[in-house]
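Notes to accompany the following structure.
The values are calculated or read from the model by the stated rules, or taken from the named source; none is laboratory data. Keep in mind that this is a model prediction, so the values were computed, not measured. Glycine also receives a Cβ, built like all others from the backbone with ideal geometry; neighbour counts cover every protein chain displayed.
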Amino acid sequence: MSFLELMLKRESCRAYDGSRNVSREDLLKIVEAGRLSPSGCNAQPWKFLVVDEEDALAKMRDALVTEDAGTGAPWGDQVNAFIAIVETPAKVMPGVLTHYKDSQRFAQGDIGMAAMNMCYQAEELGLSTCPIGLNEQKKMEKNFGIPEGREVRLVLAVGYAAEETEPREKIRKPLEEVCCFNEWK
Ligand SMILES: Cc1cc2nc3c(=O)[nH]c(=O)nc-3n(C[C@H](O)[C@H](O)[C@H](O)COP(=O)(O)O)c2cc1C
């Protein structure tokens with residue numbers, strides 16, 4: 001499969017087959033895709049908390065936001081694996097600090113890069129994913145022993161899709177709106 005084909009196939013999945021578990025082997029391959037990702041100053045400001053056991057899954061569902069059907073994970077009941085990406089302190093080069101006066105400036109972008117690689121790795125393994133941006137930080141800390149203030153930036157739901165369907169059409173802004181050459185238009 002070409003990379004374009006992989007990109008067109010990947011989509012956020014919100015209906016999982018709860019009877020199929022994701023193997024540890026596959027989960028580790030997905031984490032490896034995150035671990036190998038680039039980051040500003042190679043700071044690697046992440047820790048991947050993999051959740052695949054019943055008690056921990058219940059804790060994760062408890063820490064996700066479920067009321068609003070448009071965001072969060074009201075569909076999380078059938079998900080048998082989650083990977084939370086927790087931001088860790090980034091050690092960046094002194095020049096970056098002098099320039100931006102904020103050592104955390106790159107970290108969220110870094111985590112986005114890692115998350116994307118992880119989603120594509122999952123897709124290549126025949127698994128589906130959905131990034132979940134909304135969570136209850138305090139519950140994450142309490143339920144998993146995450147140190148206070150270590151933000152859970154993103155949780156990835158990982159699993160087998162309930163149904164094999166044709167990929168949905170991608171709803172994206174038109175190229176002319178998001179791209180210009182050589183000057184701002
Ligand atoms: C940072 C981020 C946070 C997201 N949070 C949620 C979420 O909380 N719940 C959800 O169902 N989808 C979430 N999504 C999925 C987006 O809604 C989805 O990527 C977007 O609509 C494009 O659709 P596609 O992924 O199927 O191509 C999130 C995606 C990203 C990148």
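Structure notes:
- When restricted to residues that are among the aromatic types (Phe, Trp, Tyr) and surrounded by fewer than 21 Cβ atoms within 10 Å (Cβ to Cβ), the stretch 56-95 contains 1.
- The condition (being closer than 19 Å to Val152 by Cβ, buried (at least 18 other Cβ atoms within 10 Å of the Cβ) and hydroxyl-bearing (Ser, Thr, Tyr)) is satisfied by just one residue among Ser37, Ser12: Ser37.
- For Ile146: the one exception among (1) within 22 Å of Ala107 (Cβ to Cβ); (2) surrounded by 10 or more Cβ atoms within 10 Å (Cβ to Cβ); (3) free of Cβ contacts under 8 Å to residues at least 40 places away in the same chain: (3)
- Restricting the stretch 62-74 to residues that are over 22 Å from Pro147 (Cβ atoms) and under 16 Å from the mean Cα position of the chain (by Cα) leaves a set whose member that is modelled with the lowest pLDDT is Thr71.
- Listed conditions (1) within 16 Å of the ligand (Cβ to nearest atom); (2) at pLDDT below 95; (3) in contact with a strand residue (DSSP E or B) (Cβ under 9 Å, 6 or more places away or on another chain) are all met by Gln104, apart from (1).
- Of all residues in the stretch 151-169 being over 16 Å from Val51 (Cβ atoms) and under 19 Å from the mean Cα position of the chain (by Cα), the one that is farthest from the ligand (Cβ to nearest atom): Tyr160
- Cross-chain or 6+ apart pairs with Cβ under 9 Å, the stretch 1-30 first and more than 24 Å from Val50 (Cβ to Cβ), then in a helix (DSSP H, G or I) and away from the ligand (no atom under 14 Å from the Cβ): Met1/Glu124
- Residue match in the stretch 102-117 (condition: farther than 25 Å from Glu148 by Cβ and aromatic (Phe, Trp, Tyr)): no
- Scanning the stretch 32-80 for residues that are closer than 29 Å to Asp102 by Cβ, without any contact (Cβ under 8 Å) to a residue 12 or more places away in the chain and outside any helix (DSSP H, G or I) returns no hits.
- Pairing residues of the stretch 160-181 that are within 30 Å of Leu125 (Cβ to Cβ) with residues that are acidic (Asp, Glu) and modelled with pLDDT of 95 or more, at Cβ distances under 6 Å and at least 6 apart in sequence or on separate chains, gives Tyr160/Asp17; Ala162/Asp17; Pro167/Glu11; Arg168/Glu11.
Residues are listed down the side, and each one gets a yes or a no for (1) in a strand (DSSP E or B); (2) closer than 17 Å to Gly76 by Cβ:
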site	(1), (2)
Gly126	no, no
Lys139	no, yes
Pro147	no, no
Leu154	yes, yes
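- Residue list for the stretch 90-124, filter: touching a helix residue (DSSP H, G or I) at 6+ places or on another chain (Cβ under 6 Å), among the hydrophobic types (A, V, I, L, M, F, W, C) and assigned to a helix (DSSP H, G or I): Ala114, Met118, Ala122
Okay, residues lined up against (1) farther than 25 Å from Gly109 by Cα; (2) away from the ligand (no atom under 12 Å from the Cβ); (3) among the charged types (D, E, K, R); (4) under 17 Å from the mean Cα position of the chain (by Cα):
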residue: Gly18; (1), (2), (3), (4): yes, yes, no, no
residue: Arg35; (1), (2), (3), (4): no, yes, yes, yes
residue: Val50; (1), (2), (3), (4): no, yes, no, yes
residue: Asp77; (1), (2), (3), (4): yes, yes, yes, no
